[in-house]
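Every number here is computed from the coordinates shown, using simple stated rules; none is lab data. All values derive from a computational prediction rather than experimental measurement. Positions of Cβ are generated from backbone atoms using ideal geometry, with glycine treated the same way; all protein chains shown enter the neighbour counts.
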Amino acid sequence: MQTLRASKCGLSTAQLPSSILDVLDALTKAGYEAYIVGGGVRDLMLGLNPKDFDAVTNATPSQVKEVFGRRCRIIGRRFELAHVYAGRELIEVATFRAPPKKAVTSAAGMILRDNNWGTIEQDFARRDFSINALYYQPRKGIVLDFCNAVDDIKHRNLRLLGDPTLRFEEDPVRMLRTLRFAAKLNFNIDPKILKIFTPEMTQLLRDVSPHRLYDESQKLFTMGHLNKVLPMLIEFGIWRQLFADIKPDINSFIERAAKNTDQRITIGKTINPAFFYAVLLWQPFLERCDFYLSKGVVAAEARAQAGLDVLKRQATRTIIPRFAETFIREVWEMQTRLLQPKPQQIEALSGHARFRAGFDFLLLREKAGDSSTLGMGQWWDAYQLMSTDEKERAIAQYNRLRAKSRRKTAQEPVDVAPATHAADMQIEPLVNEPEPRSRRARKAKQYEENRAQLTATANGSGIGADHPILKRKRVQRDLSQVIFGPTQ
Ligand code: ATP
Ligand code: MG
């Protein structure tokens, strides 16, 4: 073990936010050891801006809770740790870990629980990469290096601690972390890791919970080097494990969206990580829409069903949270609305909560060479910069073109209201609420629906059997229909 002077490693307390110093100081005052560990130390030493600072201590999570009281929450089952709120920030405080006991390992060697407390010497060996195992105590001005991590930082070497095969088997997510750090830090992956990165090894990701894989996928999407890591996901066989039905092919739309995401992160703009899922799943969504259309399902329903199906299939790999799923379906639905808006709804659409994301998506498609957007990406782009008068003229012109093209295709006549009423128009919801996930919530929903139906019939307002809505062809969704691509 080497004890290095922090100043020699280019570290000083001035680089640290008060939140992490407060947490370390409170633990030290209570008689515990406390260090900054992981990405915070690594990134500072590389001259990067750390995303966050993680702390590690010899206090158990319940002892950390005693120190911080209501500012602390103990979280995690597989990997228990304390969340401490310091001002507006949240600091993760982990406890030194010893190797896990045999009983908590799966048949494939995966660690199911890693909550065996230990010493700092045992803790460093439990960490994934050498560069993530530096312990920094800013008040003492020291960095503890147990594994020549500083050399690896100097030589930009990404090295797993211990036997790589064993470490991947213990936690297959480390494969994703390998690609993430290699792309983000521009490090060389240790040849020992490259040697074992086989399809058999990546298969192990099947045993990881789809919730955890979703979290990891979000980290990949938001690290600012998405464009670099995407080809690596294909090259190392991870893509197929993460995405159920997305072809391992980075088409120009995906590439443009990835670059755009990275650029936004570089300039400090916010991004919605679900947006990139909407991009990735767009092609499977269109194919699924075609499937329903070919079965004679009406377009709106085909889109709704296709959206649900595609997300359901993806949930077998990464479980996208409900709110994010709704966001994705709304972005897709916006594509239809933005492509052929009713003139009287144009102004209201441009103020819709999902307009920005839908428009960005449309413009990316257009710029990636998707001619089916009919130039509407640019149209909306220009529209947003117009004065009220210009907007009215643009809508009137759009209206004329629309009527003309409708006459040409000999469809039903245009039913447009004057453009001046545009702002007052209400837009119907973009997507209906999807099926609740838990059995309890589904039961409650069913109960509400039955009640509503009963009330409607009692009021004499039930829909008759000859009502056109009942003549629409409906599809019964079952799982066999949902399987529409290779499961591999
Ligand atoms: P980031 O910049 O993404 O925050 P990080 O290295 O800090 O990178 P975290 O996920 O915040 O990554 O984890 C903090 C530290 O915990 C890591 O640096 C590493 O030491 C340890 N760690 C995290 N995940 C694992 C894992 N799956 N296996 C072993 N150690 C891990
Ligand atoms: Mg971190």
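What the table below lists for this structure:
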quantity: J(HN,Hα) series, region 184-193, from Karplus relation 6.51 cos²θ - 1.76 cosθ + 1.60, nearest Hz, glycine and proline x; calculated: 5, 9, 6, 9, 8, 7, 3, x, 5, 6
quantity: Phi-based couplings in Hz for region 314-327 (Karplus 6.51, -1.76, 1.60; Gly and Pro marked x); calculated: 5, 5, 6, 10, 10, 7, 7, x, 3, 4, 6, 4, 4, 4
quantity: Label-point gap, in nm, between ASN186 and ARG78 - each point 7 angstrom along Cα→Cβ; calculated: 3.3 nm
quantity: Calculated P(r) tail over 26 Å for region 104-223, as whole % of Cα pairs; calculated: 23 percent
quantity: Whole-angstrom gap from region 256-272 to region 280-345, using each part's C-alpha centre; calculated: 24 Å
quantity: Modelled FRET efficiency - R0 51 Å, ARG174 with ALA353, Cβ distances, 0.05 increments; calculated: 0.85
quantity: In order through region 283-299: 3J(HN,Hα) via Karplus (6.51 cos²θ - 1.76 cosθ + 1.60), integer Hz, x for Gly, Pro; calculated: 5, x, 5, 4, 5, 5, 4, 4, 4, 5, 4, 5, 8, x, 7, 5, 4
quantity: Only Lys, Arg (+1) and Asp, Glu (-1) charged, at Cβ; region 158-236 dipole about Cα centre in debye; calculated: 320 debye
quantity: Kirkwood hydrodynamic radius over Cα pairs of region 36-81, then Stokes diffusion coefficient at 25 °C and 0.890 mPa s, in µm²/s; calculated: 202 µm²/s
quantity: Sequence-separation-based contact order of region 269-415, relative, with Cα cut under 8 Å and 6+ spacing, percent; calculated: 18 percent
quantity: Net lengthening on full extension, TYR85/LYS195 (0.36 nm per residue, minus Cα-Cα); calculated: 35.4 nm
quantity: Region 114-131 residues near the modelled ASP151 label - backbone nitrogen below 16 Å, point 7 Å along Cα→Cβ; calculated: 130-131
quantity: Projected-area average for region 55-136 over all orientations - Cα convex hull basis, square nanometres; calculated: 6.1 nm²
quantity: FRET efficiency for GLU301 and ARG322, using Cβ-Cβ distance with R0 set to 30 Å, rounded to 0.05; calculated: 0.90
quantity: Cleavage-rule hits (chymotrypsin sites (Phe, Trp or Tyr not before Pro)) in region 46-99: DSSP loop, at most 15 neighbouring Cβ within 10 angstrom; calculated: PHE79
quantity: Fully extended contour minus Cα-Cα distance, from LEU286 to GLU121, at 0.36 nm per residue; calculated: 54.1 nm
quantity: Sequence-distant residues sharing a close amide H with ALA86 (under 5 Å, placed H); calculated: ILE91
quantity: Calculated FRET value between ILE267 and ALA403, using beta carbons and R₀ = 45 Å, to 0.05; calculated: 0.60
quantity: Amide H contacts of LEU134 (H built 1.01 Å from N, under 5 Å, at least 5 apart or other chain); calculated: GLY38
quantity: Virtual spin-label span in nm between ALA396 and SER106, 7 Å along Cα→Cβ; calculated: 6.5 nm
quantity: Orientation-averaged projected area, Cα convex hull of region 210-405 (nm²); calculated: 11.8 nm²
quantity: Separation of alpha-carbon centers, region 353-378 and region 47-95, rounded to whole Å; calculated: 42 Å
quantity: Approximate spin-label separation LEU46-LYS312, in nm, with each point projected 7 Å along Cα-to-Cβ; calculated: 4.1 nm
quantity: For q = 0.20 Å⁻¹, Debye-computed log10 I/I(0) when each Cα of region 1-163 counts as one equal scatterer; calculated: -1.37
